[in-house]
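K.L.:
Shown below is the structure under consideration.
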There are 2 protein chains.
Amino acid sequence: MKVITGVAKKETLEISEILAREMDGCDVRVNGAVHTIRDMGDVAFIVLRKREGLLQCVYEKGLSEFDLKDIREADTVEFTGRVNREERAPQGFEIRIRTVRILSEPAEPMPLQISKWKMNTSLEAKLNNRAVSLRNVRERAKFRIQEGITRGFRDFLYGQGFTEIHTPKIGAKSAEGGANMFRLEYFHRPAILQQSPQFYKQMMVGVFDRVFETAPVFRAEKHNTKRHLNEYTSLDFEMGYIDSFEEIMAMETGFLQYTMDLLNREYAADLEILGIETPRVDSIPQVRFSEAKQMVAEKYDRKFRNPFDLEPEEEYLIGQLFKEEYDADFVFVTHYPSKKRPFYAMDDPEDPVYTLSFDLLFCGLEITTGGQRIHDYHELIAKAAARGMETEGMEHYLAAFKHGMPPHGGLGIGLERLTMHLVGEENVREATLFPRDLSRLEP
Amino acid sequence: MKVITGVAKKETLEISEILAREMDGCDVRVNGAVHTIRDMGDVAFIVLRKREGLLQCVYEKGLSEFDLKDIREADTVEFTGRVNREERAPQGFEIRIRTVRILSEPAEPMPLQISKWKMNTSLEAKLNNRAVSLRNVRERAKFRIQEGITRGFRDFLYGQGFTEIHTPKIGAKSAEGGANMFRLEYFHRPAILQQSPQFYKQMMVGVFDRVFETAPVFRAEKHNTKRHLNEYTSLDFEMGYIDSFEEIMAMETGFLQYTMDLLNREYAADLEILGIETPRVDSIPQVRFSEAKQMVAEKYDRKFRNPFDLEPEEEYLIGQLFKEEYDADFVFVTHYPSKKRPFYAMDDPEDPVYTLSFDLLFCGLEITTGGQRIHDYHELIAKAAARGMETEGMEHYLAAFKHGMPPHGGLGIGLERLTMHLVGEENVREATLFPRDLSRLEP
C-alpha cells in the first residue's frame, strides 16, 4: 500500500539554504519566477524572484546549454547551475546557469512594471492589478511585516496564558449598534455581520480567563478616508482578573515590545527592503483625554468643538506633540468620556463622567480602542437602562454576567492601520491585500 | 509623565507557577471562580476554576479569617493562604485559605451543573447556555485542543516558508459557485460571503510562493447533519513549485505530525482531561478513489449508486476498512473524477477522467479537500469553456494566470471537523464555540 510519510527534502534549494551551507562552487538546482532579464551580449543577468528575495542568475554563452531567447519575463523556471560568490549580487552570490526547465509561461506581457524598485504607479492601478502589483518586492514586503505583527500578537499572548478563540461572524440582529452593520438574510431570518467580537470574547473570559482572536470584522460605515476600511482584520484580546485597566495597556505594550523584537529578528530582510526601523516601544506615555485635549489646544493654538471625542486632526496633533516633546511614536490616551463609550465600558469610580478606557495612538492615528468593562450584572443592566437601551437580543451576553464574571477588560487593534504606519504608508489600503471600501468590492 | 513599560509580574500566582517553584509551605495569593464548595463541618473544600485547571483550596474554621457563608458558587475570589502538599488534590497540592477578597458575585444560580465531570446535558441545552456550559472543565478542554491544532498549523507552515495572508470575506458575486453563497447588499451592490479563499490564495501563490490563511468561511447549504456548519473555520494553504500533487499531501502529513507532537507536549493536561490519545500520523495510507470504492463494495458487500463521488456512508466504510486492515485513522483518497471537482482542478494527464486531487478522511469523515490546480492560462480558460462556464467576474483571478503562475496546489481543512474526531465527539457542533446551522443564529 502506498503511504505518505511527511515532508521530503526538495531537490531545489532556497536562498537561505544556500547561504547557510556556504556552497560556493557547488552545483545546485533553484527555481523561481523570471523577474528581469538584462542581456549584455555574451552574458545575461536573469533575476529570479523567490519567496525569500531576488536571486541573480547568469546566463553565459557556451556554459549555458540553451538559447537565451527561450526565456521570457514572468516565466517560472528551474535552473541547474553553479554557486558563485559575487559581492555585487543581492544575496552575495549568483548562480552560473547550466540548464533550464521552463515550468510555466505567461499568456500576456505585464500590465505594470513590477521589477522596478519603487513602482511609480497610482494606488488605484496597483489595486486594480493586485495579483500582479504585489509581485513587486517592496509591495509584498509590507505583507511580510503584517504577518510578523499577527504572529507576534498570537505568540506573545500564548505565552501570557491566553487561549485563541473563533467566534461567529454571522449573528442575529441585536440592539447594540444596529447601525453600521451589514445585513443579510440567513435562511429567511434577518442577520448581520459582526462589527466586533466584543460580546463573544467577554463571554469567553468567564471560560478561559484570557482569550484572543485574530479575525475579520465588518463595518458598513460610509467613511471614504485614507484610514477607513469596511472589512478589516481585528486583533482582539480580553483578560480577566485585572486589578486596574492599566494592566490592559501593559499587555498591549508587552505585545508591541515582543513584536518589534520578532520583526528585527525574523523579518530583518523585509525591514531592509522597506528601508524602515521599528519604532521605540520600551515605554509608552499615557495621558488623560481631557489633558491631551488641553495640551494640543494650547500648544497649537487650536479650538476643537467636540468636548466628548477627539477629532482626527486633534489625534494627529496629539501624536505630533508627543513626538516633538517626548520622541514617542505611541501615546495612550485614557479616560474617555462615558458619553462616547459603549454602555459596557466601566465608568471611573472617581469621576463617572469618564471611563476606565483608552485609545492607543500611533503617529497620531487611533489603532486601538480598549478599556475595563463592567462585570457586575446589575450594574450592566442599570447602565443599559439609563441609556434607554433595549436588552432584547442580548440575553446570551447578559447570561454570562448573570452567572458570574471576573473583573476584566480588553482591546481591539486594527491590523491594517498598525501595519500602515509601521511600513511608512499613509493610506490603509496600501497595507491591505484586497481592500474593501465604499467603491471597492473587487478583486 | 506617566508611562507604561510592559507587563508587570502579578501578585497572584497561576497553578504552573506554584508547581514550578516547589512552594510547599509558602504563603501565596491566588484567584479564580468558585467552581464547587463541599462543606464538611469544620473544614470545607472550595475548588477554584482557573485557566490552567482546578485548584483545591481548604477553608478551616479558626485558620480562615472569614465566614464560609460569605462565599458562594460562581463568585470570583482572591484568596491568600499557604501551599500544602496533598497527593489527593487535583494538582498535587492545595491552598489552606487565610483571607478572601470577593471580586464579583453572580446574580442568579447556575442553569446547568457545570461542576460535574461529564455534564449530563443535551447538546441543545449546552448550546442554549453556551457562556455557562463552556465553563465545564471538559467542555472547555476541547477548545484548548482546537487552539493547539490552529497553532500547530501556523507554526509548522511558518517553518516551511509559508506567508500568512488575510483575504476579504465580502466579495462581488462571481460566476463560480453562485449557489450556496450568502448574499448581502454592499452599499447598493449585490455581494456575497466567500465560501472559500480559493481564488485569493491561488493569486497569492504568484506573490509569496507559499501562503496560508486561517479564517471563517460561509456556506449557505441547507444540510442539517451532524457534520455540517454554515460558518466554519477553514485552515487553507496553497503552495507553488510543486513537482507532484503528492507534495501537498506530504505537507498536510507534516502538519499533522507537528501538531500531534505539539498537543502531546503543550496540551497534555487537556488531552488527559478528555481521556484521549492523539492518533497515529507517522504514515498515512493513500488509495485511489476508484480502488477505494471497489474495496468497500467488496468487503462490505454494498452497492453505491454515485460513480463520481463518495456517499457519506461510503466514506465512513473506507475509514472503517483502513482502520481494520491497517490500523489507520487517516486515509488519503486520491484521483477524484474530474466531473465532481471544480474547473480549476488539474486533470490527471495519464487519465483525464480523473484529477490530481484528494480528500483526507479522518475516522471516515472528509476533513480536507485538496489537489493540484491548473496553472496555465489557456488551459484554465479552455476547461472553463468546456464546462460552459462564464468567466465574467473572474477577471482578477484569471489575470494572475495570464501573467504567469508556477505549478501549484493546496488544500482546505475544516477545523471543527478535525477537532471533533480528535476529541472524540460525533457532532461538529460539540467542537464549535458558537455553531451556525440552519436553525441556530444565536448565541
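The values are calculated or read from the model by the stated rules, or taken from the named source; none is laboratory data. The model shown is predicted, which means the values in this text are computed figures rather than measured ones. Don't worry about glycine lacking a Cβ; one is built from the backbone with ideal geometry, like all the others, and counts go over all protein chains shown. Each accessible area value is taken on the protein alone, full model and side chains, heavy atoms only, with ligands, DNA and RNA left out. Shrake-Rupley method; radii C 1.70, N 1.55, O 1.52, S 1.80 Å.
K.L.:
What is the one condition in (1) surrounded by fewer than 15 Cβ atoms within 10 Å (Cβ to Cβ); (2) free of Cβ contacts under 8 Å to residues at least 40 places away in the same chain that residue A:293 does not satisfy?
P.N.:
Result: residue A:293 fails condition (1) only.
K.L.:
Among what's in the stretch A:127-171 and is within 30 Å of residue B:13 (Cβ to Cβ) and basic (Lys, Arg), pick the residue that is surrounded by the most Cβ atoms within 10 Å (Cβ to Cβ). Spell out how you get there, then give the answer.
P.N.:
Here is the first cut: in the stretch A:127-171, the ones within 30 Å of residue B:13 (Cβ to Cβ) are A:151-167.
Still in the list and also basic (Lys, Arg): A:151, A:154.
Details: A:151: 20, A:154: 22.
The qualifying residue surrounded by the most Cβ atoms within 10 Å (Cβ to Cβ) is A:154.
K.L.:
Would you mind telling me which numbered condition in (1) within 23 Å of residue A:48 (Cα to Cα); (2) part of a helix (DSSP H, G or I); (3) at the interface with chain A (Cβ under 10 Å from one of its Cβ atoms) residue B:161 fails?
P.N.:
Single failed check for residue B:161: (2).
K.L.:
Considering only residues of the stretch B:15-27 that are open to solvent by 10 Å² or more (accessible area, probe 1.4 Å) and not acidic (Asp, Glu), which is modelled with the lowest pLDDT?
P.N.:
The initial filter retains those residues of the stretch B:15-27 that are open to solvent by 10 Å² or more (accessible area, probe 1.4 Å), namely B:16-17, B:19-27.
After this cut, where a residue has to be not acidic (Asp, Glu) as well, the list is B:16, B:19-21, B:23, B:25-26.
On the way: B:16: 96, B:19: 95, B:20: 94, B:21: 90, B:23: 94, B:25: 96, B:26: 97.
Ranking the qualifying residues of the stretch B:15-27, first place goes to B:21.
K.L.:
Being in contact with a Gly (Cβ under 7 Å, 6 or more places away or on another chain), outside any loop (DSSP other than H, G, I, E, B) and open to solvent by 70 Å² or more (accessible area, probe 1.4 Å) is true for just one of B:232, B:316. Which residue is that? Please lay out each step first, then the result.
P.N.:
Working: B:232 fails: open to solvent by 70 Å² or more (accessible area, probe 1.4 Å).
Within the list B:232, B:316, the selection yields B:316.
K.L.:
Checking residue B:102 against (1) outside any strand (DSSP E or B); (2) more than 9 Å from chain A (Cβ to nearest Cβ), only one condition comes out false. Which one?
P.N.:
It is condition (1) that residue B:102 fails.
K.L.:
It is to be established whether one or more residues within the stretch A:408-417 are open to solvent by 20 Å² or more (accessible area, probe 1.4 Å) and over 24 Å from residue A:243 (Cα atoms).
P.N.:
So far as the stretch A:408-417 goes, yes, one or more of its residues are open to solvent by 20 Å² or more (accessible area, probe 1.4 Å) and over 24 Å from residue A:243 (Cα atoms).
K.L.:
Which residue, of B:54, B:48, is within 22 Å of residue A:241 (Cα to Cα), out of contact with any Lys or Arg (no Cβ under 8 Å at 6 or more places or on another chain), crowded, with 20+ Cβ neighbours inside 10 Å and of a type in the set (A, V, I, L, M, F, W, C)?
P.N.:
Numbers: B:54 fails: crowded, with 20+ Cβ neighbours inside 10 Å.
When all the criteria are applied, what remains is B:48.
K.L.:
Cβ contacts < 9 Å: first residue more than 8 Å from every other protein chain (Cβ to nearest Cβ) and more than 28 Å from residue B:252 (Cα to Cα), restricted to the stretch B:394-414; second residue in a helix (DSSP H, G or I) and open to solvent by less than 10 Å² (accessible area, probe 1.4 Å), any location; separation 6+ or different chain. Result?
P.N.:
Qualifying pairs under 9 Å: B:394/B:384.
Here's the yes/no breakdown for (1) closer than 15 Å to residue A:323 by Cβ; (2) open to solvent by less than 80 Å² (accessible area, probe 1.4 Å); (3) touching a residue at least 60 places away in the same chain (Cβ under 8 Å); (4) not β-branched (Val, Ile, Thr):
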{"residue": "A:256", "(1), (2), (3), (4)": "no, yes, yes, yes"}
{"residue": "A:262", "(1), (2), (3), (4)": "no, yes, yes, yes"}
{"residue": "A:267", "(1), (2), (3), (4)": "no, yes, yes, yes"}
{"residue": "A:274", "(1), (2), (3), (4)": "no, yes, yes, yes"}
{"residue": "A:278", "(1), (2), (3), (4)": "no, yes, yes, no"}
{"residue": "A:286", "(1), (2), (3), (4)": "no, yes, yes, yes"}
{"residue": "A:303", "(1), (2), (3), (4)": "no, no, no, yes"}
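K.L.:
Within the stretch B:1-58, how many residues turn out to be more than 23 Å from residue A:156 (Cβ to Cβ), within 14 Å of chain A (Cβ to nearest Cβ) and of a type in the set (S, T, N, Q)?
P.N.:
1
K.L.:
Restricting to the stretch B:91-108, count the residues that are farther than 24 Å from residue B:43 by Cβ and either crowded, with 18+ Cβ neighbours inside 10 Å or modelled with pLDDT under 95 (or both). Outline the logic, then answer.
P.N.:
Taking the stretch B:91-108 first, the residues farther than 24 Å from residue B:43 by Cβ are B:104, B:106-108.
From the residues that got through so far, the ones that are either crowded, with 18+ Cβ neighbours inside 10 Å or modelled with pLDDT under 95 (or both) too are B:104, B:106.
Residues in the stretch B:91-108 being farther than 24 Å from residue B:43 by Cβ and either crowded, with 18+ Cβ neighbours inside 10 Å or modelled with pLDDT under 95 (or both): 2 in total.
K.L.:
Turning to a different aspect of this structure: Taking residue A:307 as meeting all but one of (1) modelled with pLDDT of 95 or more; (2) away from chain B (no Cβ under 14 Å), write down the number of the exception.
P.N.:
(1)
K.L.:
Identify all residues within the stretch B:59-97 that are among the basic types (Lys, Arg) and within 14 Å of chain A (Cβ to nearest Cβ); write none if there are none. Quick ask: steps written out before the conclusion?
P.N.:
If we filter the stretch B:59-97 for residues that are among the basic types (Lys, Arg), which is where we start, we get B:61, B:69, B:72, B:82, B:85, B:88, B:96.
Within the stretch B:59-97, just B:72 meets the criteria.
K.L.:
Being more than 10 Å from chain B (Cβ to nearest Cβ) and farther than 19 Å from residue A:370 by Cβ is the filter here, so list the residues in the stretch A:207-242 that pass it.
P.N.:
Matches in the stretch A:207-242: A:221, A:223, A:224, A:225, A:226, A:228.
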